[in-house]
Amino acid sequence: MTETSLYPTLVLAVRDMRTANGRNETTGEGTGNESWIGLSIAMTVLDTLTSGTEKVGQRWSNLLTSHDVTEADAKLIYALRCSLLHGYGPPKASAGTANRHMLLTADPHAYAVDTSRAGVALVSVPVFCGRLVERIVFAAWEDWDQELVNTDIFNAATPAAGG
C-alpha cells in the first residue's frame, strides 16, 4: 500500500477535529471529549460548507436546516460559532441564544443540542462533533473544495526562485 501526503482539506479538517476530540483520526471511533479546539474545528468545517450570497448567519441557517436541524437550534449553533470565533468561549445569554445560558459538556449520551431545560442550551461537544458535524460533512461532501493539500513539507514542491 502506498502512503500519500495529498489530502482534500475536508479529510484534514475531519481528521484534526477527531484528534482534538480524542477519537480515532481515521475511523472516528471513541467517545470523544469536550475539547474546545475540536469544537472550533467543527465550526470551521461547517463554515466552509456554507455557500450562497446571503449574509453568513442566513447561510448557516440554510446549511443546518437543510440537514434536519431546527431553526431554533441553528440559531444557537450559529451563536456558538460566533462566540468561539470572536471570543473563544460559549456565548452569553442574549437574543442570539434565545436568552439561554449555553453550557458545553463531554456527555457522549446527550443530544448535540439540548434545549429541554428552561433557560439553558446544553451542547454535547462529542455528540456535536462526532455525530452532527460528521453527518452533515459526509452528506455535503460533493460541495467541498476537492483541491489536494500536500502535507509532506519535506517533499512538497516549492515555488521557483524569484517567483
Open item on the list: Is it the case, given these coordinates, that LEU85 is under 15 Å from the mean Cα position of the chain (by Cα) and surrounded by 14 or more Cβ atoms within 10 Å (Cβ to Cβ)?
Closed with: no
TODO: Hey, can you tell me all the residues within segment 23-72 that are part of a loop (DSSP other than H, G, I, E, B), without any contact (Cβ under 8 Å) to a residue 40 or more places away in the chain and open to solvent by less than 30 Å² (accessible area, probe 1.4 Å)?
DONE: THR50
- [ ] Within segment 101-143, work out how many residues are under 16 Å from LEU10 (Cα atoms), over 14 Å from the mean Cα position of the chain (by Cα) and open to solvent by less than 20 Å² (accessible area, probe 1.4 Å).
- [x] 0
Task: Subset of segment 1-22 [hydrophobic (A, V, I, L, M, F, W, C) and either more than 19 Å from GLU142 (Cβ to Cβ) or open to solvent by 30 Å² or more (accessible area, probe 1.4 Å) (or both)] - done: MET1, LEU6, VAL11, MET17, ALA20
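The values are calculated or read from the model by the stated rules, or taken from the named source; none is laboratory data. Quick caveat, the model's predicted, so the values are computed rather than measured. For neighbour counting, all protein chains shown are included, and Cβ atoms are generated from backbone atoms with ideal geometry for every residue, glycine included. Surface areas here come from the heavy atoms of the whole protein model, side chains and all, with no ligands, DNA or RNA. Shrake-Rupley method; radii C 1.70, N 1.55, O 1.52, S 1.80 Å.
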